[in-house]
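The values are calculated or read from the model by the stated rules, or taken from the named source; none is laboratory data. Note that the structure is predicted; figures quoted are calculated from it, not measured. Cβ: placed from backbone, ideal geometry, glycine included. Neighbour counts: every protein chain shown. The area values use the complete protein model at the heavy-atom level, side chains included, leaving out ligands, DNA and RNA. Shrake-Rupley method; radii C 1.70, N 1.55, O 1.52, S 1.80 Å.
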Amino acid sequence: MSNRATNLLVPIVSVVLGLIVGAIIMLVSGYSPIEGYAALWNGIFGDLYTIGETLRQITPYLLAGLAVAFAFRSGLFNIGVEGQLIVGWFAAAYVGVAVELPKIIHLPLAILAAAVAGALWGFVPGLLKAKFRVHEVIVTIMMNYIALHVTNALIRTVSEGGDRTERIFASASLRSEFLENLTEFSRLHLGLLLALIMVAVMWFILEKTTLGFELKAVGFNQHASEYAGMNVNKNIIMAMVISGAFAGLAGAMEALGTFEYVSSKGGFTGIGFDGIAVALLGMNTPLGVVFGATLFGSLKYGALNMPNAAGIPIEIVEIVIAVIIFFVASGYIIRLLLLRAAGKKKEAK
C-alpha cells in the first residue's frame, strides 16, 4: 500500500470507527443512533442557515489546526495555541473599538494586531526553548493560563470594570452582507476566505521556501541540521512565532467575525486544544488540516441539534464527540494496522 493511499485511509477509518463506537454508546444508553446521527446531519446541513453557521464554526478550527500542524512539522509541540488565540482575540477586538478608520485600513490593522499578538505569545516559549532548552510543552501550557487571566484583566480595564468591550466599529468587521443574505442571516463571515488563504500560505512556506526546508530539517534532526550549517535556535524561534501568528488569526476570526467583541472568560474556549486533534487528523499537512477542521467544526455545531431533535443528553453527545477524537488520536496505530494488513495481503499473493 502506498503512503498516499495510507494517508487517505487513516483519517477515514478513524472517523468511521468513531461513528460506529458512538452509535454503540447511544444504543447502550437507550437512545436511537439513527435519530442521533440524523439530528447531527440536520444540525450541519439542515438548511442554508445551519450550513452558514457550520462554515463559520470551521473557520477558527482551520487556523488553530494550522498553528499546531506548523509547529509539529518543525519538531515542536505547541500546546499554547489556546493562549495565543485568546491574546489574538483581545488584540483584534481592542483595535476594533479603540479607533475608527476607513475599512481598507482598519480591518487589515485589526487582523495584523491579532497575528502580532499571537506571534509574540509564541515567541516566548520559542526563545526559552532555543536558548535554555526549556520544554515548550511546559511553557506553552503555563502561558495559556497567563493569557486567560491577563486578557481578563485588560478587558476589565478597557471596559472600565465591565466584563466585555463595546462592539467593534463596522470598519473592522469581517461580516459580509452578501454572505449573511446568502445563508439566511447566519454569522458566516469573510474570515473563512482568509483561513483558506492561510492554508495556502503554510503550504508555500513549508514546500517552496528555504525557510520551510530548514524548519522541516530542524524538526527531523536538530544535530544534523546544525552540522549542515543551519541556525537551529533561529528556526525554533521562527517556528513558534509563525505558529503563534496562525493562532492569533484564529482569535481574530472570533473577535471580528463571530462575536465582534471580546468578553472576560471563566475558562478556555477549547478551540486551541481541539486544534491539536485537527492537526493530528490532518497528518500535519495543510490540506489535511482543511479536512480535520471541517470534521471538527461540523461535529461541534451539528452536535448542538442532537439534544433538541433526538433527545440525547448533552453528556452523551460529548462522549460521542470525544470517542471520535480518541480514534483520531489513534491514527498512527490505525496506520500501523493498515500497513500490516497490506503486507500480509502482499505475502499471500
Open item on the list: Give me the percent of accessible area attributable to carbon and sulfur for the chain, probe 1.4 angstrom.
Closed with: 68 percent
Task: Extension gain (nm, one decimal) between Leu337 and Lys234, 0.36 nm per residue minus Cα-Cα - done: 33.3 nm
Open item on the list: Leaving out ligands and nucleic acids, and using a 1.4 Å probe, what accessible area per residue does region 225-290 come to in Å²?
Closed with: 31 Å²
TODO: At q = 0.08, 0.11, 0.13 Å⁻¹, work out log10 I(q)/I(0) for the chain with the Debye formula, treating every Cα as an identical point scatterer and leaving solvent out; two decimals please.
DONE: -0.41, -0.77, -1.05
TODO: Rank these residues by their accessible area, most exposed first, probe 1.4 Å: Met253, Met142, Met238, Met283.
DONE: Met142, Met238, Met283, Met253
Open item on the list: With a 10 Å cut-off between alpha carbons and a GNM built on the chain, which of Pro286, Pro313, Pro33 moves the most?
Closed with: Pro313
- [ ] Any chance you could count the Lys pairs in the chain whose alpha carbons are under 14 Å apart, treating pairs 8 or more apart or on different chains as valid?
- [x] 4
Open item on the list: Ignoring everything except DSSP H segments at least 4 long, calculate the 222 nm mean residue ellipticity for the chain; use -39,500 (n - 2.57) per segment, divide by total residues, nearest 500.
Closed with: -25500 deg cm²/dmol
TODO: Under a 10 Å cutoff between Cα atoms, tell me which one of Gln222, Gln84, Gln57 has the largest fluctuation in the Gaussian network model of the chain.
DONE: Gln222
Task: Inter-site label distance for Val28 and Asn181 at 7 Å from Cα along Cβ, in nm - done: 5.2 nm
- [ ] May I ask you to give the solvent-accessible area per residue for region 51-107, in square angstrom, as obtained with a 1.4 angstrom probe?
- [x] 25 Å²
Open item on the list: Could you tell me how far the Cα centroid of region 125-155 sits from the Cα centroid of region 278-346, in Å?
Closed with: 28 Å
